[in-house]
Amino acid sequence: MRARHAGARAALLAVVALAFADSSVVVLALPALLHEFGTSITAVAWVVTAYNLVLAVAAGALFRFARRFPSRELFRIGLLLFLLSSIGCGASGDLGLLIAFRSLQGLGGALVLAGSLPLAAGLGASPGQGRRAWAQATIFGAAVGPALGGVLTQAFGWRAIFLVQAPVAALAFVAMFGLATAAGDESDAVPTMAPRRRIAAGAGLALVSAALVGLLFLAVVMLIDVWHLRPIAAAGVVSAVPVAALLTQVAVREVGRAGAAAGLVLLAGGLGAAGFLPALSTVWFAAILAIAGAGLGLVLPALTEVALGGATGSSSGALIVAIRHAGLVLGLVVLTPLFAADLSSAGDRAELRGVATVLDAPGSGGTKLQLAIDLVPALSHPPSDGVPRFAPLVASRHSAQISAIGHRLDSVVEATISRGFRRSFSGAALFALLAAPALWVAYARPARRRRERLAIALAVAAVAAFAGAEAARGAVSFGQRPRLLAPCLPHPSPAGAGAAQGELLKQLDKLACALHTTREKLIVRVAGSSIADRFASYLQGGIEAAAGLLKYVLGHIP
């Protein structure tokens with residue numbers, strides 16, 4: 001019977017981890033889904049959003065009604081629904097059908113997670129030990145989601161992400177069937193902590209979950225769409241998060257206020273450092289993600305334990321699930337518009353820097369001018385599968401000497417777009433920092449001050465090491481906006497320029513000013529006409545490229 005209980009407990013925790021992993025398991029498969037269904041990024045994003053939204057709403061509803069039903073029945077019904085919807089997701093041939101099955105999967109996940117907490121408490125050596133194992137499974141599952149999805153997508157295709165979940169759910173269903181009531185039925189307990197502390201811990205949980213958007217989504221988008229890593233390679237990088245979280249949980253079994261505060265520092269510092277990389281390197285990025293993952297492994301179990309307050313019933317499990325997924329949705333709602341706006345402006349900067357890179361590179365004037373004009377539309381319209389790669393395009397159209405421009409252009413554009421992630425990563429870090437007051441209230445009893453100061457000091461030192469490396473490598477200059485002269489202001493002539501050269505430059509300045517004025521009038525007259533705006537933008541880009549090239553050439557004439 002003991003071996004049977006151990007097997008049932010392992011299967012239960014595996015399903016709990018899987019249900020939390022589903023929040024982000026599809027992220028690395030989004031490019032494949034985009035290609036499969038030939039739709040927009042916004043539409044495909046609902047494959048992720050639908051699951052999290054339905055799970056949060058359903059778990060919130062279960063908080064009030066879960067105690068009326070046996071936990072094992074909630075768990076079994078949820079498992080069956082989760083199993084069938086996983087198969088439906090894997091067999092979907094239409095995006096709308098996939099989103100519908102993902103919504104059903106979210107409902108099944110809510111039932112599974114709500115019913116699993118009392119079962120885990122009953123199957124553990126003690127209710128407290130089972131409760132902690134349940135919390136650790138939820139953290140590991142959430143952190144491992146992107147890596148798991150990347151490996152399955154690369155090896156077998158995106159459908160494998162869902163089809164693999166079905167046998168795990170079936171195994172748990174069989175393992176839990178027929179267990180004795182004493183081996184894991186409803187075992188709710190009256191919370192032993194003050195409501196004020198539990199509410200504060202819940203608020204902290206929501207804010208930390210909102211910060212996870214940086215680790216589970218922003219990091220993946222940068223690796224796949226900007227740095228052009230394959231899904232399995234990106235999975236290897238982001239696996240630093242669950243590995244660090246797991247090792248931290250093994251090393252630090254009891255986390256007090258000092259450990260939780262250190263975890264917040266590590267999580268916020270890692271997220272902030274992700275936006276200020278010392279180099280565009282996957283090694284640096286994996287190290288920074290490991291720092292954030294270690295913080296996650298410290299702070300999430302501590303806040304979850306206080307928020308539960310010793311309770312192990314289905315309603316308590318539903319409340320924790322609802323809080324965490326509501327925080328995740330909050331992070332998506334707040335950070336996604338910020339990220340979209342910054343990415344748009346980063347695209348504009350990449351366009352300008354790309355043109356400047358082409359003009360400053362060695363090569364014939366005619367070839368560079370044509371190349372600059374050809375690449376401006378490509379920079380303005382990144383393809384749906386990520387930032388465009390210019391080295392293959394340049395190599396196929398121009399000589400070997402000019403192919404070096406393409407490689408330099410790719411480096412410049414990647415650095416510029418990566419810089420566009422800074423405010424989003426900083427926003428995620430701010431969510432983590434905002435959880436500090438809630439953490440302080442949640443842990444009303446003071447810890448030993450020397451121990452607390454040491455833990456926080458070590459966390460600050462780890463974060464400061466990455467900040468120092470960033471400053472030493474000069475990453476602040478990544479994607480710096482090129483210095484462009486205003487078109488209608490007088491510009492000084494280059495040193496040593498003759499009278500004829502100076503007059504030609506003045507005429508070019510007048511041409512640029514007239515073009516700028518005409519474009520502004522055109523935009524005012526044809527407000528809302530994106531075609532006219534695009535045409536004027538391309539025309540201005542071409543003339544400015546030509547003017548810049550002529551100024552460059554004339555400025556270097558002896």
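Since every read-out is calculated from the coordinates, none of them should be taken as a lab result. Here the structure is a predicted model, which is why all the values come from computation and not from measurement. We place every Cβ from the backbone using ideal geometry, glycine too, and count neighbours over all the protein chains shown.
Results, tabulated for the structure shown:
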{"quantity": "In order through the stretch 406-417: 3J(HN,Hα) via Karplus (6.51 cos²θ - 1.76 cosθ + 1.60), integer Hz, x for Gly, Pro", "calculated": "x, 5, 5, 5, 4, 4, 5, 5, 4, 5, 5, 5"}
{"quantity": "In sequence order, calculated HN-Hα J values of the stretch 76-91 (Karplus, 6.51, -1.76, 1.60; Hz; x Gly/Pro)", "calculated": "5, 4, x, 4, 4, 5, 5, 4, 5, 5, 5, 5, x, 5, x, 9"}
{"quantity": "Proportion of all alpha-carbon pairs of the stretch 228-322 beyond 22 Å (%)", "calculated": "39 percent"}
{"quantity": "Sorted peptide list for 49-60, 108-119, 260-271, criterion being average Cβ within 10 angstrom, highest first", "calculated": "108-119, 260-271, 49-60"}
{"quantity": "Projected label distance in nm at PHE65 and LEU84, using a 7 Å step from Cα toward the beta-carbon", "calculated": "1.8 nm"}
{"quantity": "Cα gyration tensor shape for the stretch 87-126, rounded if a/c is under 1.5, else prolate or oblate", "calculated": "prolate"}
{"quantity": "Residues with amide H under 5 Å from that of ASP22, placed H, sequence gap 5 or more", "calculated": "none"}
{"quantity": "Computed over the stretch 1-179: relative contact order in percent, which uses C-alpha pairs under 8 Å that are six or more apart", "calculated": "40 percent"}
{"quantity": "Estimated Rh, the stretch 13-112: Kirkwood, alpha-carbon pairs, angstrom", "calculated": "13.9 Å"}
{"quantity": "Principal semi-axes in Å for the stretch 1-179 [√(5λ), Cα gyration tensor, largest first]", "calculated": "29, 17, 14"}
{"quantity": "Estimated FRET transfer efficiency when R0 is 45 angstrom, pair TRP440-ILE232 (beta carbons, to 0.05)", "calculated": "0.60"}
{"quantity": "Relative packing of 279-290, 410-421, which averages over residues the other C-beta atoms within 10 Å, highest first", "calculated": "410-421, 279-290"}
{"quantity": "Estimated vicinal HN-Hα couplings, Hz - the stretch 196-213 in sequence order (Karplus 6.51, -1.76, 1.60; Gly, Pro = x)", "calculated": "4, 5, 5, 5, 4, 5, x, 5, x, 4, 4, 5, 5, 5, 5, 5, 5, 4"}
